[in-house]
Amino acid sequence: MEQPDKQELNEDSCHSGSDRKSHHSDKTKNNLISRLNRIEGQIRGVKGLIEKDTYCDDVLNQIAAVQSALNGVGKLLLEHHLNSCVIERIQEGDNEVIKELMVTMNKLMK
């Protein structure tokens, strides 16, 4: 019986060498895509408001709504990342994931 190579063993993990990938459930992936599609529509709406010379305060309120929606996607993705990839890598003894996570969280909090 032929042994699977290291790449095959890691296909369902959060990382495999330099080819790291996430492994979201279809439900999670569809949720993220759905949210991003709505945000994409909101962005087009903001662009349209600017093209129509809409009152600045109204445009700014729409921008705030887009930012809030995007933050929601980030929080959901972060939650799934913590509960899967980060835990998995720590259990494997890869503590570099903590440094990586801190850099990412600092970027998210700007």
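The values are calculated or read from the model by the stated rules, or taken from the named source; none is laboratory data. Since the structure is predicted, the reported quantities are computational estimates derived from the model, not experimental observations. Cβ sites come from the backbone with ideal geometry, for glycine too, and all protein chains shown count toward neighbours. For the accessible areas, the whole protein counts, side chains as well, though only heavy atoms, and no ligand, DNA or RNA atoms are used. Shrake-Rupley method; radii C 1.70, N 1.55, O 1.52, S 1.80 Å.
Output the residue which, of all residues in the range 93-110 that are open to solvent by less than 50 Å² (accessible area, probe 1.4 Å) and among the hydrophobic types (A, V, I, L, M, F, W, C), is nearest to the chain's Cα centre (by Cα).
LEU101
Among the conditions (1) at pLDDT 95 or above; (2) open to solvent by 70 Å² or more (accessible area, probe 1.4 Å); (3) within 24 Å of LYS27 (Cα to Cα); (4) not aliphatic (A, V, I, L, M), the only one that ASN83 does not satisfy is (1). Scanning the range 42-52 for residues that are modelled with pLDDT of 95 or more and not in a helix (DSSP H, G or I) turns up at least one hit. Please go through the range 43-70 and give me each residue that is loosely packed, with under 12 Cβ neighbours inside 10 Å and in contact with a Leu (Cβ under 8 Å, 6 or more places away or on another chain), ordered by number. Within the range 43-70, just ASP58 meets the criteria. Any residue in the range 23-41 that is in contact with a helix residue (DSSP H, G or I) (Cβ under 8 Å, 6 or more places away or on another chain), surrounded by 11 or more Cβ atoms within 10 Å (Cβ to Cβ) and part of a loop (DSSP other than H, G, I, E, B)? Yes, there is a match, as at least one residue in the range 23-41 is in contact with a helix residue (DSSP H, G or I) (Cβ under 8 Å, 6 or more places away or on another chain), surrounded by 11 or more Cβ atoms within 10 Å (Cβ to Cβ) and part of a loop (DSSP other than H, G, I, E, B).
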